[in-house]
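S.K.: Before I ask anything, let me first share the structure, which is written out below as structure tokens.
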Amino acid sequence: MAQIVLDGIDKIYSGGVKAVDGLSLDVQDGEFMVLVGPSGCGKSTALRMIAGLEDISGGTLTIGEKVVNDLAPKDRDIAMVFQNYALYPHMTVEQNMAFGLQLRKTPKAEIKKRVGEAAKMLGLEPYLTRKPAALSGGQRQRVAMGRAIVREPQAFLMDEPLSNLDAKLRVSMRASLSQLHKRLGVTTIYVTHDQIEAMTLGDRVAVLRDGKLQQVNTPQYLFENP
Ligand code: ADP
Ligand code: ADP
């Protein structure tokens, strides 16, 4: 069963830039799909359309069994993790993780349980009462991931989540991300311009250039056929 299907997706910005051009991609249930390509090739735009943060100019986007072209982000059952973490500075780690569930009127006890589990999984238990300003970059990114995990969405969308971290932390966060994916098995679409991230994280890698899909293959295949 394909979980997220892009069928001939286009994005034309108001200035006339065609940022995404006829993109078709089947992301399987539980798959870790990486979108890779040089800056400006349309990766972020594609991801933002899947998230519902950007209107789709053409084509059909299906999540699960539903065509979601016209659904608001909150009705898409997906969670997005951003490069800049996008945490609320005035809230603690715990409050940041709980906020999305509170908006959706999840019962308090359920929120507590999910936040506790996510904090444990991400090694954030000691920091629950801290505010983002008192955390390292890697810890902030873990909070951003925790906030996505507690939603228990059908899919995660990640836009260069490691690119603000230093090289050493990127390596360890890459390993954490792989583990997390194995453990949760949630369909993930991950945007990066980093070849190593693409090759180590992806079940498959979709290569974009000038808004078009060049190829989609396993890392193994791409490695052997550069
Ligand atoms: P990437 O994520 O691969 O770096 P983007 O999706 O950010 O690429 O951008 C793809 C193209 O669309 C680029 O030419 C960029 O300048 C353009 N673009 C991105 N966002 C906007 C916008 N809000 N308005 C107009 N053009 C945009
Ligand atoms: P990234 O490459 O990480 O996507 P950018 O610096 O390209 O980041 O874009 C940052 C923000 O500026 C995004 O919200 C994007 O949509 C917007 N943007 C990018 N290019 C343009 C553009 N040509 N015109 C208007 N907005 C743009």
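S.K.: Name the residue, out of L222, L169, L180, that is aliphatic (A, V, I, L, M), part of a helix (DSSP H, G or I) and under 15 Å from the mean Cα position of the chain (by Cα).
M.R.: L180
S.K.: So, V150, is that one over 27 Å from Q102 (Cβ atoms) and either small (G, A, S) or more than 16 Å from ligand 2 (Cβ to nearest atom) (or both) or not?
M.R.: no
S.K.: Mind checking which residues of the range 152-164 are buried (at least 19 other Cβ atoms within 10 Å of the Cβ) and not in a strand (DSSP E or B)?
M.R.: Those that are buried (at least 19 other Cβ atoms within 10 Å of the Cβ) and not in a strand (DSSP E or B): E160, P161, L162.
S.K.: Being more than 17 Å from the chain's Cα centre (by Cα) and part of a strand (DSSP E or B) is the filter; apply it to the range 48-85 and report the residue that is farthest from ligand 1 (Cβ to nearest atom).
M.R.: K66
S.K.: Is it the case that V143 is modelled with pLDDT of 95 or more and within 16 Å of ligand 1 (Cβ to nearest atom)?
M.R.: Answer is no for this residue.
S.K.: What residue, among those in the range 1-27 that are in a strand (DSSP E or B) and modelled with pLDDT under 95, is nearest to the chain's Cα centre (by Cα)?
M.R.: Q3
S.K.: Something else about it: All but one of (1) at pLDDT below 95; (2) more than 9 Å from ligand 2 (Cβ to nearest atom) hold for F32; state the number of the condition that does not hold.
M.R.: Here F32 meets the rest and fails (1).
S.K.: Next question. Among the listed residues T45, T62, which satisfies the condition of being within 28 Å of P219 (Cβ to Cβ) and away from ligand 2 (no atom under 16 Å from the Cβ)?
M.R.: Criteria check complete, one pass: T62.
The values are calculated or read from the model by the stated rules, or taken from the named source; none is laboratory data. All values reported here derive from a predicted model rather than from experimental measurement. Backbone-built Cβ (ideal geometry, glycine too); neighbour counts: all protein chains shown.
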